[in-house]
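The values are calculated or read from the model by the stated rules, or taken from the named source; none is laboratory data. The model shown is predicted, which means the values in this text are computed figures rather than measured ones. Using ideal geometry, Cβ is built from the backbone for each residue, glycine included, and neighbour counts are taken over all protein chains shown.
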Amino acid sequence: MWAAPTIQRFCAASANAFSRSAIARGLSSCGVRAEIDGDTLIVHGCGPKGGKPRGGARIETGLDHRIAMAFLVMGLASAESVAIDDDGAIATSFPGFVDLMNTLGAKLGVA
């Protein structure tokens, strides 16, 4: 959802308040304009011509495996790499995530 510049609204009703704000902060840190309106996360994308998000941020995951994996994937489409503060939560739902992503050509590793 973050790599597509045409997406503008995402209903985040199933996400808790921390997750919504963490996603919005992470997107903003990576140069993507985003805001929260109630339970809706509004993503303005990377401009009318699309393009890559800037990236280059270290994302606070709050030990949420979904945020960790989402921003690592965003880093693959960004101009600069994206780091996360803790990868331990990824094992909660996808213990083979890093190995699989590296097999697919990503260069995920410990900084």
In segment 59-111, what count of residues is obtained for those that are of a type in the set (Ser, Thr, Tyr) and either out of contact with any His (no Cβ under 7 Å at 6 or more places or on another chain) or closer than 19 Å to residue 21 by Cα (or both)?
-> 4
Output the residues belonging to segment 50-71 that are of a type in the set (Gly, Ala, Ser) and assigned to a loop (DSSP other than H, G, I, E, B).
-> 50, 51, 56, 57, 62
Residue, farthest from the chain's Cα centre (by Cα), within segment 22-64, restricted to residues that are within 16 Å of residue 75 (Cβ to Cβ) and modelled with pLDDT under 90 = 51
Within segment 29-43, is there a residue that is surrounded by 15 or more Cβ atoms within 10 Å (Cβ to Cβ) and in contact with a Leu (Cβ under 7 Å, 6 or more places away or on another chain)?
-> yes
Among the small types (Gly, Ala, Ser), part of a helix (DSSP H, G or I) and either touching a helix residue (DSSP H, G or I) at 6+ places or on another chain (Cβ under 8 Å) or surrounded by fewer than 17 Cβ atoms within 10 Å (Cβ to Cβ) (or both) - does that describe any residue in segment 91-109?
-> yes
Members of segment 23-49 that are more than 25 Å from residue 108 (Cα to Cα) and in a loop (DSSP other than H, G, I, E, B) = 38, 39, 47, 48, 49
